[in-house]
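Quick notes on the structure that follows.
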Amino acid sequence: MRRDRRRERILDAAATLLAERGWWGLSMRDVAARAGTSGPNLYRYVQGKEELTYLVQQRVLERAIRSAEAAFAGRGPKERLRSLVTDHIRRALAFPAEARLLQASTDDLPTHLSGRIDALREQYLELVRGIIAGVVREKGTKRATADRRVQLLLGMADRVALDGARQDPLPRPDRLAKPVLDMFHGGVKPKR
């Protein structure tokens with residue numbers, strides 16, 4: 001097996017176990033077994049649990065950043081928001097374990113690693129804030145209000161993706177994104 005594919009299998013296994021058990025429940029032996037490799041071979045790819053956790057969170061955030069940057073390149077504020085939400089849901093359906101790790105704590109990582117993850121997370125959130133600000137133009141919006149909007153939007157997207165992941169076949173991400181966008185744009189309208 002090629003080295004890159006094996007590394008990806010290791011990160012996939014670690015992401016799944018981190019999402020299921022949390023940092024304290026993660027063992028290198030279980031990661032090796034789930035990845036289909038030996039314990040000694042696992043240590044050819046990572047030095048230990050802290051580095052493995054860091055690499056998983058780094059991959060999650062780098063995927064999210066690339067998605068938000070692609071959305072930011074869209075034409076018009078509503079199209080950017082639609083692209084962001086649709087791709088967020090697509091990634092959550094494709095990588096359900098990673099979706100749960102997007103906002104995971106870095107408390108168990110050493111400071112030099114947690115600082116890098118926190119910087120990546122802030123870069124992602126800043127992109128999302130910018131996309132939302134393009135749609136919701138309010139003068140003098142406070143940072144706390146902007147952050148709540150980000151949490152609300154991503155929370156709704158995560159919720160519909162989790163529900164969609166239980167369906168067989170998986171629904172299309174753009175169809176799952178539509179009610180999220182409708183709610184975010186206009187709230188709930190009563191039926192007549």
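Check whether at least one residue in the range 165-173 is within 16 Å of the chain's Cα centre (by Cα), among the small types (Gly, Ala, Ser) and part of a helix (DSSP H, G or I), and report yes or no. Please lay out each step first, then the result.
Step one: filter the range 165-173 for residues within 16 Å of the chain's Cα centre (by Cα), giving 165, 173.
With the extra rule that they be among the small types (Gly, Ala, Ser), the set shrinks to 165.
Restricting the remaining residues to those that are part of a helix (DSSP H, G or I) gives 165.
Scanning the range 165-173 turns up at least one residue that is within 16 Å of the chain's Cα centre (by Cα), among the small types (Gly, Ala, Ser) and part of a helix (DSSP H, G or I).
Check THR37, THR106 and return the single one that is in contact with a Lys or Arg (Cβ under 7 Å, 6 or more places away or on another chain) and surrounded by 14 or more Cβ atoms within 10 Å (Cβ to Cβ). Even if it seems obvious, please write down each step before you answer.
Working: THR106 fails: in contact with a Lys or Arg (Cβ under 7 Å, 6 or more places away or on another chain).
None of the other options fit; the residue is THR37.
For residues that are of a type in the set (Lys, Arg) and without any contact (Cβ under 8 Å) to a residue 40 or more places away in the chain, tally how many sit in the range 58-80.
Step one: of the range 58-80, the residues of a type in the set (Lys, Arg) are 59, 63, 66, 75, 78, 80.
Right, trim to without any contact (Cβ under 8 Å) to a residue 40 or more places away in the chain and you get 63, 66, 75.
So the count comes out to 3.
Could you list all residues from the range 16-30 that are more than 17 Å from PRO96 (Cα to Cα) and free of Cβ contacts under 8 Å to residues at least 40 places away in the same chain?
GLY25, LEU26, SER27, MET28, ARG29, ASP30
Could you please find all residues in the range 125-164 being farther than 24 Å from GLU62 by Cα and under 19 Å from the mean Cα position of the chain (by Cα)?
Correct list: ASP163 only.
If we keep just the residues of the range 96-114 that are outside any helix (DSSP H, G or I) and touching a helix residue (DSSP H, G or I) at 6+ places or on another chain (Cβ under 7 Å), which is nearest to PRO173 (Cα to Cα)?
Of the range 96-114, the ones outside any helix (DSSP H, G or I) are 102-110.
Imposing the further condition that a residue be touching a helix residue (DSSP H, G or I) at 6+ places or on another chain (Cβ under 7 Å) reduces the set to 102, 104, 106, 108-110.
Working: LEU102: 18, ALA104: 23, THR106: 29, ASP108: 33, LEU109: 33, PRO110: 36 Å.
Here the residue is LEU102.
Would you say TYR45 is in a loop (DSSP other than H, G, I, E, B) and either touching a helix residue (DSSP H, G or I) at 6+ places or on another chain (Cβ under 7 Å) or crowded, with 18+ Cβ neighbours inside 10 Å (or both)? Steps first, answer last, please.
On the way: in a loop (DSSP other than H, G, I, E, B): yes; either touching a helix residue (DSSP H, G or I) at 6+ places or on another chain (Cβ under 7 Å) or crowded, with 18+ Cβ neighbours inside 10 Å (or both): yes.
So TYR45 passes the test.
All but one of (1) assigned by TED's automatic domain parsing to the domain that holds VAL128; (2) within 30 Å of ASP174 (Cβ to Cβ); (3) of a type in the set (A, V, I, L, M); (4) surrounded by 15 or more Cβ atoms within 10 Å (Cβ to Cβ) hold for LEU11, so report the exception by its number.
Evaluating LEU11 over (1) assigned by TED's automatic domain parsing to the domain that holds VAL128; (2) within 30 Å of ASP174 (Cβ to Cβ); (3) of a type in the set (A, V, I, L, M); (4) surrounded by 15 or more Cβ atoms within 10 Å (Cβ to Cβ) leaves (1) as the failure.
Would you check if there is a residue in the range 136-145 being of a type in the set (A, V, I, L, M, F, W, C), out of contact with any His (no Cβ under 7 Å at 6 or more places or on another chain) and either buried (at least 18 other Cβ atoms within 10 Å of the Cβ) or modelled with pLDDT of 90 or more (or both)? Don't jump to the end; show me each part of the working.
Restricting attention to the range 136-145, the residues satisfying the condition of being of a type in the set (A, V, I, L, M, F, W, C) are 136, 144.
Those left that are additionally out of contact with any His (no Cβ under 7 Å at 6 or more places or on another chain): 136, 144.
With the extra rule that they be either buried (at least 18 other Cβ atoms within 10 Å of the Cβ) or modelled with pLDDT of 90 or more (or both), the set shrinks to none.
No: zero hits.
Only one of these is assigned by TED's automatic domain parsing to the domain that holds PRO77 and in contact with a Phe, Trp or Tyr (Cβ under 9 Å, 6 or more places away or on another chain): ASP107, ASP168, ASP163, ASP158. Name it. So that I can check it myself, show each step before the final result.
Working: ASP168 fails: in contact with a Phe, Trp or Tyr (Cβ under 9 Å, 6 or more places away or on another chain); ASP163 fails: in contact with a Phe, Trp or Tyr (Cβ under 9 Å, 6 or more places away or on another chain); ASP158 fails: in contact with a Phe, Trp or Tyr (Cβ under 9 Å, 6 or more places away or on another chain).
Answer to the check: ASP107.
The values are calculated or read from the model by the stated rules, or taken from the named source; none is laboratory data. Remember, predicted model here, so these are calculated numbers, not experimental data. Don't worry about glycine lacking a Cβ; one is built from the backbone with ideal geometry, like all the others, and counts go over all protein chains shown.
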